[in-house]
Structure formats: structure tokens, C-alpha cells
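Student: Could you have a look at this structure, given as C-alpha cells, before my questions?
The values are calculated or read from the model by the stated rules, or taken from the named source; none is laboratory data. These numbers were taken from a predicted model, which means no experiment stands behind them. Cβ: placed from backbone, ideal geometry, glycine included. Neighbour counts: every protein chain shown.
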């Protein structure tokens, strides 16, 4: 859980650094006359253009930041699920498929015991009774 939060923070920091770099480059373009040197354009500092770029980049950054948080929350939620094989009932833990007993033993330091819930018990008892008292075959004559 703590490891996932650290991954979140690193993803959000990298995202923030990337957008900050874009804003920085927008202003450095005006300050150091980069188009003038690259394309031999006449120099006219346009601070409004840099400010407008900054506002657009900030709006995109806010939107991307909120969507990233939303996706990370969803991913964090899905990571909380315990994957169990529907056929053999083994549990996937750290890319290993363990029996249910071994999983509980490794995670909770407890031994397991087998039993039967009341619903399953009732079903099995009814099943056994139906096998003991089969219906009589119908006679056609």
C-alpha cells in the first residue's frame, strides 16, 4: 500500500516536471530570442504570447493531473482484488499461484481448517436424500 502511494507520487512528480519544463521553455523562448537565432526572424518580444501559452499549458496540466489521479485511484482499487482461479481455487500472490491454505499461511501466519457453510450443508444433505430415495419409475402398462 505504501509502495503504491510512492509510485503515485513519482508519477505525479514526473508529470509535473514535464509540464513545468514546457512552461519554462515557453518563457525562455521569449527571453533568449530563440526563434530569432533559429529562423533569422526579426526579434519582437511577445510577452502576451508567452503568458497565453502558460495559461493553456496550465489548463491542460490541470486536466491531465486530475485524470491521472482518477486513473491511479482506479488502478489502486483494482490492485486490492485477490485473484483466485475459478477452477482450482489457487490464489495469485506476487506472480505465484498458491493454494488457499499456503496463501493464508504466508500472509496471516495461521493454519486453516475445512468446513462447510450452512447453505452448502443443506444442499448436500438434500442431494444425498434425493439419491437415497429415488422416485419410482413410471409404468406404462
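Student: Could you please find all residues in region 17-42 being surrounded by fewer than 11 Cβ atoms within 10 Å (Cβ to Cβ), at negative phi and not in a helix (DSSP H, G or I)?
Tutor: Passing the criteria: 32, 42.
Student: For region 66-77, how many residues meet the condition of being under 8 Å from the mean Cα position of the chain (by Cα) and either outside the structural domain of residue 8 (by TED's automatic domain parsing) or closer than 15 Å to residue 6 by Cα (or both)?
Tutor: Number of matching residues: 4.
Student: Looking at region 34-49, I want the residues that are closer than 21 Å to residue 22 by Cβ and not assigned by TED's automatic domain parsing to the domain that holds residue 23 and have a partner that is surrounded by 10 or more Cβ atoms within 10 Å (Cβ to Cβ) and modelled with pLDDT of 80 or more with Cβ atoms under 9 Å, at least 6 apart or on another chain. Which pairs are those?
Tutor: The qualifying pairs do not exist here.
Student: Shifting gears a bit: Considering only region 111-141, state which residues are surrounded by 10 or more Cβ atoms within 10 Å (Cβ to Cβ) and modelled with pLDDT under 70.
Tutor: 112
Student: Being closer than 30 Å to residue 17 by Cα and modelled with pLDDT under 85, is that true of even one residue in region 80-100?
Tutor: Yes, that holds for at least one residue.
Student: Just to verify a result, which residue in region 69-96, among those that are in contact with a helix residue (DSSP H, G or I) (Cβ under 6 Å, 6 or more places away or on another chain) and touching a residue at least 24 places away in the same chain (Cβ under 8 Å), is surrounded by the most Cβ atoms within 10 Å (Cβ to Cβ)?
Tutor: The extreme case among them is 72.
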